[in-house]
Amino acid sequence: MLRNKQEQHGGDHSTNVQAGNDVNLHQNNYGLSYNEVKEVALDVFELNFSKLSLAAQEVAKERAEEITNAFLNQLQEKAPEALDTMKEPDMQYALLMAQKEYVRSGDKNLSEVLVDILVERSKIQERSLLQVVLNESLEVVPKLTNGQLNILSLIFIVKYTVNQTVNSFDSLKSFLNNMIAPFMDGLTKRHSHFQHLEYSGCGSIGMGGDNFASVFIDRYAGLFSKGFSLEEVNSVFDEDAPARILLISCLHDSSLFQFNAISEEVLEKDITSLSLSKEQIAQIKSLHTNSLMSNEEAGNFLVELCPEINAIMDIWSDSSMKNMTLTSVGVALAHANIRRKTNKELDLSNWI
């Protein structure tokens, strides 16, 4: 039964501070134990949550304990030193907010995202933009559906990242299956869903748009080269030209050639390491660009590697996914959802 507790109790060596609507635990030269943190977290919840019927109280208490346990277990596993942040009023408030939202909905997906954000928030001791963004994310995520979180995740992965491990057909296939396909659940073309993301402060819808396949061509061009003939090579390079070391057999057609560079950026670096004239550099770039697949061809290749991509590309091309950019909160929520669904550890500070 929920109660408006005023009595004090705590573990050995703990200091209790009593207040009508808040509970803060302050300590001097000693940290907080797991059990002390859990006790404070549930005290804060009980003192701040509104009175409910007896049946609702039991459900509320059960859900509050559930999300608190999930948070503390993950925190102890990933950053046990951060348990001490529960002495801070702001961190207690963040956990209270997460508890309230999960108590209201009981949504397991929401609980997992809230816990991920809380763990990241607990690692930050000093006030910073990242701390502010994570606090804001806790308030925004209950307003979104699972499908909208997946929209944010796909936009982030496709538009804002380059996977350095993608350098072969097999690694591209793995990337599509493990980092793109898991987020197709709940996707929609309905404009109202994107308007709501914009209203919630997760992103903005612009005028232009990125073609799904063209983004992959740009990031991983070496995997989308159709190759060029020996005659085309000879028209650019002398037989003993040093730049020939840049050539390999075409990955899609071994009778042809392509440049040994995963992207135009890598090719640019390789070119600058050689003593080439401006005319030769322009010829190499032209040979590379003209050998690339069209967007349609690249899209078909992606679908061959991962059939689920076809549905994602259809929604992407016929919705605001293609022309939405993310805010810092949108990026933070995408991160939390990606970690939740893929178990990939990402450093949010690289983007915020």
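The values are calculated or read from the model by the stated rules, or taken from the named source; none is laboratory data. This one's a predicted model, so the numbers in the text were calculated from it and none came from an experiment. Every residue, glycine among them, receives a Cβ derived from its backbone with ideal geometry; neighbour counts consider all protein chains shown. Note: areas computed on protein heavy atoms with side chains; ligands, DNA, RNA excluded. Shrake-Rupley method; radii C 1.70, N 1.55, O 1.52, S 1.80 Å.
Name the single residue, out of those in region 146-177 being of a type in the set (Ser, Thr, Tyr) and surrounded by fewer than 16 Cβ atoms within 10 Å (Cβ to Cβ), that is nearest to residue 204 (Cα to Cα).
Here the residue is 160.
I need every pair where a residue in region 190-211 that is under 20 Å from residue 158 (Cα atoms) has its Cβ under 7 Å from the Cβ of a residue that is acidic (Asp, Glu) and in a helix (DSSP H, G or I), sequence separation at least 6 or different chains.
204/198; 205/198
Return yes or no: is residue 216 under 16 Å from residue 330 (Cα atoms), open to solvent by less than 10 Å² (accessible area, probe 1.4 Å) and at pLDDT 95 or above?
no
Which residue is farthest from residue 96 (Cα to Cα), if the candidates are limited to region 117-130 and must be open to solvent by 10 Å² or more (accessible area, probe 1.4 Å) and under 18 Å from the mean Cα position of the chain (by Cα)?
The extreme case among them is 129.
Quick check on my filter: what residues within region 123-179 are outside any helix (DSSP H, G or I), within 30 Å of residue 301 (Cα to Cα) and touching a helix residue (DSSP H, G or I) at 6+ places or on another chain (Cβ under 8 Å)?
Correct list: 162, 163, 165, 166, 167, 168.
May I ask you to list the residues in region 316-326 that are surrounded by fewer than 19 Cβ atoms within 10 Å (Cβ to Cβ) and under 20 Å from the mean Cα position of the chain (by Cα)?
Those that are surrounded by fewer than 19 Cβ atoms within 10 Å (Cβ to Cβ) and under 20 Å from the mean Cα position of the chain (by Cα): 323, 325.
Given the residues 272, 289, which is the only one that is at pLDDT 90 or above, surrounded by fewer than 17 Cβ atoms within 10 Å (Cβ to Cβ) and not basic (Lys, Arg)?
Just one listed residue meets the conditions, 289.
Given the criterion open to solvent by less than 30 Å² (accessible area, probe 1.4 Å) and not aromatic (Phe, Trp, Tyr), identify the matching residue among 350, 295, 337, 310.
Residue meeting the stated conditions: 337.
Can you list residue pairs whose Cβ atoms sit under 7 Å apart, with the first residue in region 55-70 being without any contact (Cβ under 8 Å) to a residue 40 or more places away in the chain and buried (at least 16 other Cβ atoms within 10 Å of the Cβ) and the second being aromatic (Phe, Trp, Tyr) and assigned to a helix (DSSP H, G or I)? Count only pairs 6 or more apart in sequence or on different chains.
64/45
Any idea which of (1) open to solvent by less than 50 Å² (accessible area, probe 1.4 Å); (2) part of a helix (DSSP H, G or I); (3) at pLDDT 95 or above is the one residue 196 doesn't satisfy?
Among (1) open to solvent by less than 50 Å² (accessible area, probe 1.4 Å); (2) part of a helix (DSSP H, G or I); (3) at pLDDT 95 or above, the lone unmet condition for residue 196 is (1).
Please work out which one of (1) among the β-branched types (Val, Ile, Thr); (2) under 20 Å from residue 139 (Cα atoms); (3) touching a Ser or Thr at 6+ places or on another chain (Cβ under 9 Å) is the condition residue 315 fails and give its number.
Checking residue 315 against (1) among the β-branched types (Val, Ile, Thr); (2) under 20 Å from residue 139 (Cα atoms); (3) touching a Ser or Thr at 6+ places or on another chain (Cβ under 9 Å), the one that fails is (2).
Give the residues of region 255-265 that are exposed (fewer than 15 other Cβ atoms within 10 Å of the Cβ) and within 13 Å of residue 285 (Cβ to Cβ), sorted by residue number.
265
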